[in-house]
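Chemist: Quick one: structure below, then a few questions.
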Amino acid sequence: MAATAWDDDGNPLEDWERDLTRPDGFPLVATLAGSGAIVLVAIVVFNFLTIDVMGHIVAVLSGAMLVAALVFAGAWFLTLRHATLGWNVAAGGAMAGVALMAVVVVLAIDAAGTQADARTVRLIRINGQGEPVLPPGVKGGPITAATMDFFRQAIAERHKREDMARGLGLDRLANASAIEREPDLVRDCGRFARNAPRIDEMDRAFMAKIAAFRTRLGGIVKDPAMRDSLLKGFDDSLGSGSADMHETNRVTHSLFDQAGPLCTLLAARHWKPMGTMFMFTSRSDLAAFDRRIAAWNDLIREAQTIAARQDERMRESGFVDGNTRL
């Protein structure tokens, strides 16, 4: 049986009369207050908690709808239960819309921040000490940080290779005065063959760093189009660098192959130093030296050409200038 309201004289009220006597529920105030509460929750959550919105979009949307439902439930208990069904539907829809709009706004802000971060990468410079830096006052985001870390790794890898070659004496082996100062340069000539596998080990380690950087970059940028664009730009710039790395690997292996026999020949000491040059006392050793040093010098020039090409490419990229020591 439907409930019936009565007037003071005991007569049943008409529907329109009953609506006039029911509590109002202040639906407009409740809707505005509930929407404001949802906005406040969104501000707190997205500003003070680290949330990967795009990466967990289903969970974020579900959470937003849950917040809207809880706020509506609170508003209904306090006031909206006294309002008409139409107002309840309108208030619930408004609160859900505000929650959804908050997620959309956060996504837009994230996308704008990612684009700004990607542009900041172009401001990175390699300073005179070979360290990647940003201009004073410029702060980068996760994309910039990942790129700077990769630059540090690449520069450190280059220095590691140089240190290995210097430690083995590869840069001083064809220098007579250097051998006079460091007689150990022509001792243990098998060290070059023993250390040759390290060339490939360092190449594999660097390729692993490249793969890790791509993975890190892909994890930072959730928008598929933007992620694909960034990775394509990285791969395009890396393409020529990879070709240079393969050439460097080949040339370095050839230098190591030549270094052992050259070291053995010079260890016989059938020569006297004349500055950096060798004055041989044995014709056969001189002929053997001439053959080997010609191939050696060709490889040195090729290695220098590759290194100069790499440096020039870095300078053309704008990341370094002519005063930078890589």
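The values are calculated or read from the model by the stated rules, or taken from the named source; none is laboratory data. Everything quoted here is computed from the prediction, not taken from an experiment. Positions of Cβ are generated from backbone atoms using ideal geometry, with glycine treated the same way; all protein chains shown enter the neighbour counts. Note: accessible area is taken over every heavy atom of the protein model, side chains too, but ligands, DNA and RNA are not part of it. Shrake-Rupley method; radii C 1.70, N 1.55, O 1.52, S 1.80 Å.
Chemist: From S254, S242, S229, which residue is assigned to a helix (DSSP H, G or I), of a type in the set (G, A, S) and open to solvent by 40 Å² or more (accessible area, probe 1.4 Å)?
Modeler: Result: S229 is the single residue among S254, S242, S229 that is assigned to a helix (DSSP H, G or I), of a type in the set (G, A, S) and open to solvent by 40 Å² or more (accessible area, probe 1.4 Å).
Chemist: Considering each residue of the stretch 121-147, count those that are of a type in the set (A, V, I, L, M) and touching a residue at least 40 places away in the same chain (Cβ under 8 Å), and give that number.
Modeler: 4
Chemist: Failed condition for A112, given (1) farther than 30 Å from A294 by Cβ; (2) of a type in the set (G, A, S); (3) more than 25 Å from the chain's Cα centre (by Cα); (4) open to solvent by 50 Å² or more (accessible area, probe 1.4 Å), with all others met?
Modeler: Result: A112 passes all but (3).
Chemist: A follow-up question, please. Kindly establish whether A118 is closer than 30 Å to V39 by Cα, in contact (Cβ under 8 Å) with a residue 60 or more places away in the chain and open to solvent by less than 30 Å² (accessible area, probe 1.4 Å).
Modeler: Against the criterion (closer than 30 Å to V39 by Cα, in contact (Cβ under 8 Å) with a residue 60 or more places away in the chain and open to solvent by less than 30 Å² (accessible area, probe 1.4 Å)), A118 qualifies.
Chemist: So how many residues does the stretch 280-289 have that are surrounded by 12 or more Cβ atoms within 10 Å (Cβ to Cβ) and either of a type outside the set (F, W, Y) or in a helix (DSSP H, G or I) (or both)?
Modeler: 5
Chemist: With respect to D188, is the statement that it is at positive phi and either open to solvent by less than 60 Å² (accessible area, probe 1.4 Å) or modelled with pLDDT of 80 or more (or both) true?
Modeler: The answer is yes for D188.
Chemist: I need the full set of residues from the stretch 163-196 which are more than 19 Å from S254 (Cα to Cα) and either free of Cβ contacts under 8 Å to residues at least 40 places away in the same chain or in a helix (DSSP H, G or I) (or both), in order please.
Modeler: A176, S177, A178, I179, E180, R181, E182, P183, D184 - these are the residues of the stretch 163-196 that are more than 19 Å from S254 (Cα to Cα) and either free of Cβ contacts under 8 Å to residues at least 40 places away in the same chain or in a helix (DSSP H, G or I) (or both).
Chemist: Go through (1) under 17 Å from D171 (Cβ atoms); (2) in contact (Cβ under 8 Å) with a residue 40 or more places away in the chain; (3) not charged (D, E, K, R) one by one and return the number of the condition A308 breaks.
Modeler: (2)
Residues are listed down the side, and each one gets a yes or a no for (1) of a type in the set (A, V, I, L, M); (2) touching a Lys or Arg at 6+ places or on another chain (Cβ under 8 Å); (3) open to solvent by 50 Å² or more (accessible area, probe 1.4 Å); (4) more than 26 Å from R191 (Cα to Cα):
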residue	(1), (2), (3), (4)
I126	yes, no, no, yes
T147	no, no, no, yes
F150	no, yes, no, yes
I155	yes, no, no, no
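Chemist: What pairs come up if the first residue lies in the stretch 101-115 and is closer than 12 Å to M226 by Cα and of a type outside the set (F, W, Y), the second is at pLDDT 75 or above and assigned to a helix (DSSP H, G or I), and their beta carbons are under 8 Å apart, counting only those six or more places apart or on different chains?
Modeler: Going by the 8 Å Cβ cut-off, the qualifying pairs are A111/M226; T114/I143; T114/I220; T114/M226; Q115/M226.
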